[in-house]
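Remarks on the structure that follows.
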Amino acid sequence: MQPITIHALPDGSLCLDAVRAQRIAKVAEMASRLVETGAFVDHSDSIMTLVSFGYSPFEVHALLADARQTAAEHVVAMEMSEP
């Protein structure tokens, strides 16, 4: 009897890696805009701020939650690192 070998399969299509990288970069860019304006606290302010910076409404609504979360995490990390 031979032992069974399990090989892990890639999670999703390999061509999606580039799309994921673009999405991560876009979320980071949006989060930095929200941090610099302080608009990450309020949902409506976040939407208006990102639209005013030229992001499409679809992009804003698709990535807003992640951008706000990233911005909040950044602010908390900065406050915790202060002496």
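Where a number appears in this text, it was derived from the coordinates with a stated rule and is not lab data. The structure presented is a predicted model; accordingly, all values stated were derived computationally and were not measured. Ideal geometry is used to build each Cβ from the backbone, glycine not excepted, and the neighbour counts take in all protein chains shown.
Seen from all sides and averaged, what is the projected area of the convex hull of the Cα atoms in the range 9-83, in nm²? Show your work: numbers first, answer last.
Details: hull surface 25.6 nm².
Orientation-averaged projected area of the Cα hull: 6.4 nm².
Could you compute Rg(Cα) / (2.2 N^0.38 Å) for the range 39-83, with N its residue count?
Values: Rg = 11.9 Å, N = 45, 2.2 N^0.38 = 9.3 Å.
That ratio works out to 1.28.
FRET efficiency for ASP42 and ALA18, Cβ-Cβ distance as r, R0 = 22 Å, nearest 0.05?
For R0 = 22 Å, the calculated efficiency reads 0.10.
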